[in-house]
């Protein structure tokens, strides 16, 4: 096997082994980076949702509350959670947020649509247990589909929220007519009653991480190709070509051509080899002359 082939083979082996080791770590890093980006988007949407919730609670609800007691039909626009859900659906019409799903996962909701399932109930309980926790994220599977979720606690911080959720006696009549007296009551100020959760299909996370990984991999392969080409060029010009020249001259000398020479050499290891061959050639010439004189 030629020297150039050996060098290229060693480089390929080193690159492949390095790529396997670093690729695994890089894939995990890119996946975590994508998860953080999705979580950041989710938290931003939650902040927007809470702004809508506060606006509805402070500005819209006071205007509609008198009507809730005087008419049979409940006005859902008076409920902050309803406004949040509707606004979020508008967000989902944008391409970047089309796969995001929002839920106010509540332990005891007025509208059973917001009822927390077992998994979400555990999240709310964990927030209640660890009051310092402001957010959590991870993966779960629903109906065979793996989802990535980001959640934060929802705490009752305004007295006005309790008008509809403290006792049935304080609730608007139209609310009782629509939802009944069994659900959504018993809330207390500063209680964590729900978890705001945003779900994203996990496959979107993996696809985004894979795209980033392929881009990085492509850049690494391009850099490696350029490095191999440069090394081969330098190897050919500074080593192989000069060694081949030395071998040619040595072969000419071995068949009696004493006029063959190595030419001017650089002061490096190969130059030292050429000088050694020159001294050997001169010694051979002297030896042949001495033999000729004896004859």
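Table for the structure above
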read-out	value
Relative packing of 193-200, 42-49, which averages over residues the other C-beta atoms within 10 Å, highest first	193-200, 42-49
Least to most buried among 208, 51 (fewest other Cβ within 10 Å first)	51, 208
FRET efficiency, 1/(1 + (r/R0)^6) with R0 41 Å, evaluated for residue 70 and residue 203 via beta carbons	0.25
Relative packing of peptides 235-246, 12-23 - highest average C-beta neighbours within 10 Å first	235-246, 12-23
Theoretical FRET efficiency, 1/(1+(r/R0)^6), r = Cβ-Cβ of residue 17 and residue 145, R0 35 Å, to 0.05	0.45
Computed label-point distance, nm, for sites residue 236 and residue 92 using a 7 Å Cα→Cβ extension	6.1 nm
C-alpha center-to-center spacing [segment 154-191, segment 43-117] in angstrom	15 Å
The chain, relative contact order [Cα under 8 Å, separation at least 6], %	19 percent
Rounded FRET efficiency, nearest 0.05, which uses the C-beta distance separating residue 247 from residue 291 and R0 of 25 Å	0.45
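Read-outs: derived from the displayed coordinates by stated rules, not from any lab. Keep in mind that this is a model prediction, so the values were computed, not measured. For neighbour counting, all protein chains shown are included, and Cβ atoms are generated from backbone atoms with ideal geometry for every residue, glycine included.
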